[in-house]
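What follows is one structure encoded as structure tokens, with my remarks underneath.
The values are calculated or read from the model by the stated rules, or taken from the named source; none is laboratory data. On a predicted model such as this, the values are computed, not experimentally measured, just so you know. Cβ atoms come from the backbone with ideal geometry, glycine included; neighbour counts cover every protein chain shown.
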Amino acid sequence: MNSRASVSYAISTHTQWVVERKGVVLIHALENRFTRLAYPEAAAWDLLTRNWTRREMILMLAVIAAVDQAAAETLLDGCLEQWGDQGWLTRETKV
Amino acid sequence: MSNISITSTCSRSCVYCFARTGSEKPRYISAERFEAALTFLQRSGLSRVRLLGGEPTLHPQFNPFLDAIEVCGLKLLLFSNGRMTEKVLERLLGFPQDRLTILLNVHGDDDFQSDESCNAVIKVLRHLGANVMLGCNLYSPSINPDFILALIHKFGLIPEVRLGLAHPRVGAANRFLHPRHYRTVGARIGALAAKMQARGLRLELDCGFTPCMFDENELRLLKRLGAVPGKRCNPLPDLLPDGRFIPCYPLADVVHVDWRDDDDCKSIQARMIKKLERYRQIGVFSDCGECPLRHENICNGGCLAAAMMRLRQIPSSACPSEPLARRASAKKRAFVSEISTEPCRHHGVQSVGKQTWAIPYIDQPLSFWQDIQKRWGASIQEVYPPLPHIDLPSGRPPQKTAFLDAFLDNCPFPVGLLINPIVLPRPVDHIAPRVVQQIGRWRETTRVNSVTVANYSLAVRIKETFPDLDVTASVLMDIASPQQAMLLNGVCDALVPSSRVMRDINVFGAIRQAYTGAIRLMVNEGCLPGCVFRAQHFYEMAFCRHVPESLCRELLDKAPWMRLTGAWVLPQHLHLFDHIVDQFKLSGRVTLQNPNKYKRVLQAYMERASLTPNAIGGGPASVLVDMHIDEDFYRHTLECGQNCHACDRCRVYYEKAVSEPADMAFSVTGGH
């Protein structure tokens, strides 16, 4: 589970994925939908599946995407928000 | 088309069977449901009933079902293992022969050896041969279906063969042909197809075959035989005894649709296609998504069930990225997971010395490797196996591979891929894309630690594609000077210096200084430095099917002392390389095939115990007689500069060693 401010995210148990040569395909186990992630978003997904800490993910994403850490954080947060909206991740709001 | 499975009972227990789960209830289709199924087929405009199982002839109502089919005027395709009763055989003989086809699956010659059930199969072939088409499900790359051709001729069978791939049943643990073996199997089918063409036979390929299993010549040949791979993975509604429709057995636990009264084949198929649509995005290989054959609708990515084995999902226990297939058989694989998921360096006893080891694959059961892991796992970096599904040779003759599948599936060590023929058979631009593709496939299924290559350009291509994969410059790249080594900085993560300089510690040290990666030393190959036969020898090894004779034997008969100058180091002398070498490599795919000898030699190197040079499993140029090698003498050969024209020290040492008993001639050096 990776936290962002007061919201934490986890991969939905209904989300299946496949690592392809040039990205990742997310498939919903129950609904008839899928999406393709290209890099660097695919790398962000891969890091997410490894249960790394938010800090570790930002550092690694910065290296992979060849951006500074602030940009990597923005990239990661954008991905998390989008994937949360689309139901690939579940959100938990911390009290 | 639609299949009707009338029973889940079978008289065989094939390891690859994807129909057997024990979950389908009831085990036999009811007479009412069978009658409704015939109506369904007719409403769907289908003129042929395809009966399968289990073994359909085991249904107690089988003969009455045949009566009903005959009355309806339908044709019959019966999928059977041929082990049927006399009563069933008689009924089949009475069925209109122009409407009857029996598809009889056979595994090999052993189907026709001894027992009574085999006699029943032979009886079917004798009496119904003209209606029998043989099929074979390929569940292992070692299956050779050539035996079918002799059976067709002997019994006058339908001049057509149906080949199938054994696919995984999603959620089950049946044996299946892993996609990493597809190319190997494709080549075998290509060879079979050539024989079939010569005999005027036709070939049918069942679902899941992909065009990339075959080369261009093989594809042309298949087309001439009427077999086109690539497009046959569409839901073909199979009606189960319990009244559910499934797209196929491998997907039985993923998708099923219930039968509505007004359904016909097309409406059921449409519902299945809809349910499976999202999974069509993936293929059996990670590069299927970019494949032009997929985009041109020539191939649909192979068997969907095999593709779904690549799916990952967070299980409810929150264990990250566990493949679905592994979850399904977690109990069965529990032990395997225990020994394979942790990095190897956390197990076993640390050897003497800080270096890690690459060791050769020999064809032994898994217990052999588990023992090695237990004893020396902490120091073993990788095992290098033969590469039956990479087009390029590994620079060595073919090896036995009876246990290779089990090794790759459950290997406790990462593997190192050796793609190092001494010359590439075609320009590197032609070869590199396919090699890269095949490495990618290996990585999907196996923990690949490194790739060893002998061609610089190929190394560059591999590194560009897989920056996280260690690339090692093979000894056959012949790196013998610091300036050569510098060229590899940033390209190769490790290099094996040429055997020309292994016994020249000064050059070796200079390479160490020039090179930023790891230095790997082959400890027991034994080749002569700068051998005049080296290119020819390794060419023959890589591209011929036989193990070549030793080309250097005649030369060494004239000057046997030269064996002392070869590329080898005894276990007790490894410490002389400690300041230069990061990794050691044990050779011996040919010379260490005896498992006891393999372990003895490995143990000696791990513990740096004393061995004589004839006991290290060296190649043809190594020392063949029992003699002790004094450390001072060996150290001298590392520092002498190989000025053999002006020195006779090795000759004198050798002649003295062979003329006097070993234990009297020299003192035995101890381990360090």
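Among the listed residues B:A193, B:A172, B:A198, identify the single one that is assigned to a loop (DSSP other than H, G, I, E, B) and over 17 Å from the mean Cα position of the chain (by Cα).
B:A172
Identification of strands (runs of 3 or more DSSP E) wholly contained in the range B:386-486 with 3 or more residues that are touching a helix residue (DSSP H, G or I) at 6+ places or on another chain (Cβ under 6 Å) and crowded, with 17+ Cβ neighbours inside 10 Å yields B:448-453. Is it the case that B:Q572 is at pLDDT 90 or above, in contact with a Leu (Cβ under 9 Å, 6 or more places away or on another chain) and closer than 21 Å to B:Q484 by Cα? Against the criterion (at pLDDT 90 or above, in contact with a Leu (Cβ under 9 Å, 6 or more places away or on another chain) and closer than 21 Å to B:Q484 by Cα), B:Q572 does not qualify.
Filtering the range A:22-50 to residues that are among the hydroxyl-bearing types (S, T, Y) and touching a Leu at 6+ places or on another chain (Cβ under 7 Å) leaves only A:T35.
Residues satisfying the criterion are present in the range B:27-38 (criterion: touching a residue at least 40 places away in the same chain (Cβ under 8 Å), farther than 29 Å from B:I122 by Cα, in contact with a Leu (Cβ under 9 Å, 6 or more places away or on another chain) and not in a loop (DSSP other than H, G, I, E, B)). When each of B:S267, B:S286 is tested for being in contact with a Gly (Cβ under 7 Å, 6 or more places away or on another chain) and of a type in the set (S, T, N, Q), the lone residue that passes is B:S286. Screening A:I11 with (1) within 13 Å of the chain's Cα centre (by Cα); (2) of a type in the set (A, V, I, L, M, F, W, C); (3) within 14 Å of chain B (Cβ to nearest Cβ); (4) within 25 Å of B:T465 (Cα to Cα) gives one miss only, at (4). Residue pairs whose Cβ atoms lie under 8 Å apart, separated by 6 or more positions or on different chains, with the first residue in the range B:289-301 and within 14 Å of another protein chain (Cβ to nearest Cβ) and buried (at least 19 other Cβ atoms within 10 Å of the Cβ) and the second basic (K, R) and in a helix (DSSP H, G or I), are B:G301/B:R280; B:G301/B:R294. Kindly establish whether B:I152 is at pLDDT 90 or above and either outside any strand (DSSP E or B) or within 23 Å of the chain's Cα centre (by Cα) (or both). Spelling it out, B:I152 is indeed at pLDDT 90 or above and either outside any strand (DSSP E or B) or within 23 Å of the chain's Cα centre (by Cα) (or both).
Search the range B:483-514 for residues being modelled with pLDDT of 90 or more and of a type in the set (S, T, N, Q), and hand back the single one that is farthest from B:L469 (Cα to Cα). Filtering first and then ranking leaves B:Q483.
Residue count for the range B:1-50 satisfying the condition of being of a type in the set (D, E), surrounded by 17 or more Cβ atoms within 10 Å (Cβ to Cβ) and modelled with pLDDT of 85 or more: 0.
Would you confirm, using the coordinates I've provided, whether B:P235 is at pLDDT below 95, buried (at least 20 other Cβ atoms within 10 Å of the Cβ) and in contact with a Cys (Cβ under 8 Å, 6 or more places away or on another chain)?
Taking the combined requirement at face value, the residue satisfies it.
B:G243 passes every criterion in (1) out of contact with any strand residue (DSSP E or B) (no Cβ under 7 Å at 6 or more places or on another chain); (2) in a helix (DSSP H, G or I) apart from (2). Residues in the range B:620-636 that are touching an Asp or Glu at 6+ places or on another chain (Cβ under 9 Å), within 13 Å of B:L570 (Cα to Cα) and not small (G, A, S): 1 in all.
Being without any contact (Cβ under 8 Å) to a residue 40 or more places away in the chain, surrounded by fewer than 19 Cβ atoms within 10 Å (Cβ to Cβ) and not β-branched (V, I, T) is true of B:G156.
Checked against (1) within 14 Å of chain A (Cβ to nearest Cβ); (2) out of contact with any Leu (no Cβ under 8 Å at 6 or more places or on another chain), B:N234 passes all but a single condition, namely (1).
Taken over the range B:125-137, the criterion of being part of a strand (DSSP E or B) and either in contact with a His (Cβ under 9 Å, 6 or more places away or on another chain) or not aliphatic (A, V, I, L, M) (or both) is satisfied by B:G135, B:C136, B:N137. Surrounded by fewer than 19 Cβ atoms within 10 Å (Cβ to Cβ), under 23 Å from B:Y654 (Cα atoms) and at pLDDT 90 or above, is that true of B:P595? In short, no.
Hey, any hits in the range B:209-229 for a residue that's modelled with pLDDT under 90 and either aromatic (F, W, Y) or part of a helix (DSSP H, G or I) (or both)? Checked the range B:209-229: no residue is modelled with pLDDT under 90 and either aromatic (F, W, Y) or part of a helix (DSSP H, G or I) (or both). Scanning the range A:24-66 for residues that are among the acidic types (D, E) and surrounded by fewer than 17 Cβ atoms within 10 Å (Cβ to Cβ), we see that the one that is nearest to the other protein chains (Cβ to nearest Cβ) is A:E31.
Considering the range B:503-520, the residues that are in contact (Cβ under 8 Å) with a residue 60 or more places away in the chain and of a type in the set (G, A, S) include one that is nearest to B:Y634 (Cα to Cα), namely B:G509.
Yes/no matrix, rows are residues, columns are (1) more than 14 Å from chain A (Cβ to nearest Cβ); (2) of a type outside the set (F, W, Y); (3) crowded, with 20+ Cβ neighbours inside 10 Å; (4) more than 25 Å from A:R36 (Cα to Cα):
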{"residue": "B:P241", "(1), (2), (3), (4)": "yes, yes, yes, yes"}
{"residue": "B:F245", "(1), (2), (3), (4)": "yes, no, yes, yes"}
{"residue": "B:C248", "(1), (2), (3), (4)": "yes, yes, yes, yes"}
{"residue": "B:W259", "(1), (2), (3), (4)": "yes, no, no, yes"}
{"residue": "B:I268", "(1), (2), (3), (4)": "yes, yes, yes, yes"}
{"residue": "B:E277", "(1), (2), (3), (4)": "no, yes, no, no"}
{"residue": "B:I282", "(1), (2), (3), (4)": "no, yes, yes, no"}
